[in-house]
Amino acid sequence: MTPGARIQAAIELLDRISEGAPAEKALTTWARGARYAGSGDRAAVRDHVFQALRCWRSYACIGGGETGRARMIGALRSAKVDPDTFFTGAGHAPEPLSADERSAGTVPLGAAACDLPDWLWDAFRVSLKDRAETAAQMLRERAPVMLRVNQARASRDQVIRSLAQDDVKAEPQPIAKNALLVTHGARKVARSRAYLEGLAELQDGSGQAAMEGINLTDAQSVLDYCAGGGGKALALAARAQAEIYAHDIDPARMQDLPERAARAGARVATLETSALASKAPYSIVLCDAPCSGSGTWRRAPEAKWRLTPERLAELTEIQAGILREASHLVAPEGRLIYATCSVLRDENEDRIDAFLDSAPEWALRKMQRFDVSEAGDGFFVAHMARKDKIAQF
């Protein structure tokens, strides 16, 4: 495919997404039908689509319209590229710009410049104050590819050398002691020996740092209550010979965890909901709760346009329920740890305040935010213990 043809494919996909098609489904359907598209073509089209989703409002302003075509015109103008370079009509490229298209377009301002819906821009400013615009602008860019060195199997330098043999360059990132930032060959990571042999796992830097902040000993038992794919359980299992359990309300989310744990040489047992009580109480219960994912919208930009105030309210109710349920599984001297990959106060500090108001026997031990950065997503974590045991920590 020519560069112009890739842009035309992205235009058509953006129009399907505007009509309600999920981005991943639209891309998969297109790739199956586009037998002429090589792996490089598919990657390039995907990049166009996801960058347009990150900058949905600003590209529409700059391009002068809400169509996929207008947004790709906006994308080129934003990158200081003349759209006439690719809008030629030749070789399956988009048709040349009309006179109206040439004169259309405005400078985005306010929430549009930050690529957020108006109501979310207000929530960002309440939650992040003077850091709101920086966070919103960071979410307009592609996310870093971060790896966690499996300290139980290899050193950081060993993993760097192993990756280099497979044409993947990575460098230490200070956000966490086992964090590596991939600077070249990101799409080769999943085929690298370091990854396939369990020497390294894909994991965001903020999540790594949050897990490193959990004091852990071999004698403890840990329940990852909302485990999802189990990345945080694996990170904890690499640090100590503790009993690590993973649970998710939807067990299908954990289907790859046994294979990943075996590859990493980690001991992580999965538990159905009905089996939680049989292993209770736990020294540590980690609740990485379902949330808006607002700290991760670089990776899943479609989510910020689909989130509504009503859905956010539903999520906060779910989060409150998870905290209540999980608190009953914690040993008397244990810790309850709440985390989200959200930057919104509604899902973070407000949830902790509400829980502590409703459960006066619990007290906050520490709380930390990780801003959206070049090394990590937006993330929040709070550690709690029962008041009569708080001095132990």
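Residues of the range 113-152 that are out of contact with any Phe, Trp or Tyr (no Cβ under 9 Å at 6 or more places or on another chain), in a helix (DSSP H, G or I) and closer than 20 Å to TRP56 by Cβ: ALA113, ASP118, TRP119, LEU120, TRP121, ASP122, ALA123, PHE124, ARG125, THR134, GLN137, MET138.
In this entry, ARG77 is excluded by the filter for residues that are of a type outside the set (A, V, I, L, M, F, W, C), at pLDDT 95 or above, crowded, with 18+ Cβ neighbours inside 10 Å and not assigned by TED's automatic domain parsing to the domain that holds ARG298. Exactly one residue out of ALA246, ALA289 is at pLDDT 95 or above, aliphatic (A, V, I, L, M), under 15 Å from the mean Cα position of the chain (by Cα) and crowded, with 16+ Cβ neighbours inside 10 Å, and it is ALA289. Would you check which residues across the range 175-194 are in contact (Cβ under 8 Å) with a residue 24 or more places away in the chain and surrounded by fewer than 24 Cβ atoms within 10 Å (Cβ to Cβ) and list them? Correct list: ILE175, LYS177, LEU181, VAL182, ALA186, ARG187, VAL189, ARG191, SER192, ARG193. Using the structure shown, decide if ASP346 is under 20 Å from ALA132 (Cα atoms) and under 26 Å from the mean Cα position of the chain (by Cα). Spelling it out, ASP346 is indeed under 20 Å from ALA132 (Cα atoms) and under 26 Å from the mean Cα position of the chain (by Cα).
State yes or no: is LEU223 in a helix (DSSP H, G or I) and crowded, with 16+ Cβ neighbours inside 10 Å? Quick ask: steps written out before the conclusion?
On the way: in a helix (DSSP H, G or I): no; crowded, with 16+ Cβ neighbours inside 10 Å: yes.
No.
So, ALA266, is that one touching a strand residue (DSSP E or B) at 6+ places or on another chain (Cβ under 9 Å), surrounded by 15 or more Cβ atoms within 10 Å (Cβ to Cβ), touching a residue at least 12 places away in the same chain (Cβ under 8 Å) and among the small types (Gly, Ala, Ser) or not? Taking the combined requirement at face value, the residue satisfies it.
Filtering the range 361-387 to residues that are under 15 Å from the mean Cα position of the chain (by Cα), small (Gly, Ala, Ser) and surrounded by 18 or more Cβ atoms within 10 Å (Cβ to Cβ) leaves ALA375, GLY376, GLY378.
The values are calculated or read from the model by the stated rules, or taken from the named source; none is laboratory data. Please read these numbers as outputs of a predicted model, since none were measured by experiment. No Cβ is skipped: glycine too gets one built from the backbone with ideal geometry, and neighbour counts run over all protein chains shown.
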